[in-house]
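Rule-based calculations on the coordinates, nothing more; no lab input. Please read all numbers here as calculations on a predicted model, not as lab measurements. We place every Cβ from the backbone using ideal geometry, glycine too, and count neighbours over all the protein chains shown.
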Amino acid sequence: MAVDREAPSRDPSRWVDEHGDALFRFAVLRVRDPDLAADLVQDTFLSALKGIEGFRGGSSVRTWLTGILKHKIIDHYRRNKSEVLESDLHPEGDELAHAESLRSAWKESPASLVEDREFWTVLTGCLDGLPEAHRRAFSMREFDGLSGEEIRKVLEVTPTNLWVMLHRARTKLRRCLETNWFGEK
Amino acid sequence: MSLNCKDAARLLSEKRDRRLSWRARISLRLHMLACKMCKVYGSQLDTVGRVCREAGLRAEHNCPGELPDERKQRIKDAMTRDPRDR
């Protein structure tokens with residue numbers, strides 16, 4: 001007898017238990033605010049319920065829900081513009097990227113790092129240290145791999161400002177990871 | 001044509017987001033031949049990029065945190081309510 005493995009997940013009454021935590025984690029990495037992440041997850045489920053006819057089963061329910069959540073996050077950025085401070089963009093504000101002496105190339109593999117709970121604590125702590133606008137740009141670029149063009153449309157910034165923001169975010173994140181993770185090893 | 005480390009660091013970031021001009025690419029390459037620190041810096045930026053891409057993909061499993069039970073209940077309630085009242 002053929003068993004439809006997807007069948008239970010298609011039942012919306014089970015979505016929250018089956019996908020709630022996963023969607024929440026997806027959102028909280030990106031927006032770094034648990035209340036906001038929970039709101040976005042709620043919006044996602046309600047939109048999915050409304051649009052359930054649009055789900056044709058070409059992908060898993062999880063993938064479908066995650067796609068809706070991605071849009072919710074971007075809508076949130078669009079609707080709640082984050083102020084880009086002049087001081088965040090001024091090139092003279094650039095610190096010398098490697099003013100401290102660099103120890104060596106980082107050896108640990110990304111695949112093993114993301115299996116390490118302690119590393120997640122350090123990574124999320126470092127993200128929390130970025131200015132909001134920089135974190136948004138960085139998150140879309142590095143977590144989701146959106147193009148500069150796509151990100152500029154969401155954030156409504158010039159190409160130059162986007163590059164400066166990303167450079168600043170990378171510089172700061174690199175230093176924070178060096179101090180709190182790689183340098184400790 | 002010659003770059004200082006600050007410019008090199010900026011270009012190392014920008015080349016992750018756009019195609020640099022040939023002039024910038026050559027200047028950067030020359031600088032990197034001479035400057036060990038910038039080479040290490042560039043490889044660390046690569047690692048930041050690869051770790052974050054991996055983290056973006058694994059977040060739903062590994063990022064710390066879960067949806068609080070009270071929120072789960074609220075969402076379930078909202079989902080069973082009549083759509084006109086949501």
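Ranked by Cβ crowding within 10 angstrom, fewest neighbours first, how are A:HIS71, A:HIS134 ordered? Each step should come with its number before you reach the end.
Details: A:HIS71 13, A:HIS134 23.
Ranked by crowding around the Cβ, least crowded first: A:HIS71, A:HIS134.
If the cut-off is a Cα-Cα distance under 20 Å, which lysines reach B:LYS6, setting aside same-chain residues fewer than 8 apart in sequence?
A:LYS172, B:LYS15, B:LYS36, B:LYS39
Within a 10 angstrom radius of each residue's Cβ in A:25-34, how many Cβ atoms of other chains show up on average? Whole number is fine.
Partner Cβ neighbours, averaged per residue: 5.
Set the Förster distance to 22 Å, then compute FRET efficiency between A:VAL154 and B:LYS15 from the Cβ-Cβ distance, nearest 0.05.
0.50
Fully extended, how many nm does the chain gain between A:ASP11 and A:THR63 (0.36 nm per residue separation, minus their Cα-Cα distance)?
This chain segment gains 17.2 nm when fully extended.
Sum -39500 (n - 2.57) across every DSSP H segment of at least 4 residues in the protein assembly as shown, then divide by the residue count to get the 222 nm mean residue ellipticity, nearest 500.
Taken over the protein assembly as shown, the calculation gives -20000 deg cm²/dmol.
What does the extension gain come out to for A:HIS71 and A:GLU115, with contour length at 0.36 nm per residue minus their alpha carbon separation?
Between A:HIS71 and A:GLU115, full extension yields 13.2 nm more.
For labels at B:GLN73 and A:LYS107 in the simple 7 Å Cα→Cβ model, what's the distance in nm?
So the label points at B:GLN73 and A:LYS107 sit 5.1 nm apart.
Under 16 Å Cα to Cα from A:LYS81, which lysines show up? Leave out anything in the same chain fewer than 8 places away.
In chain and number order, the partners are A:LYS72, A:LYS153.
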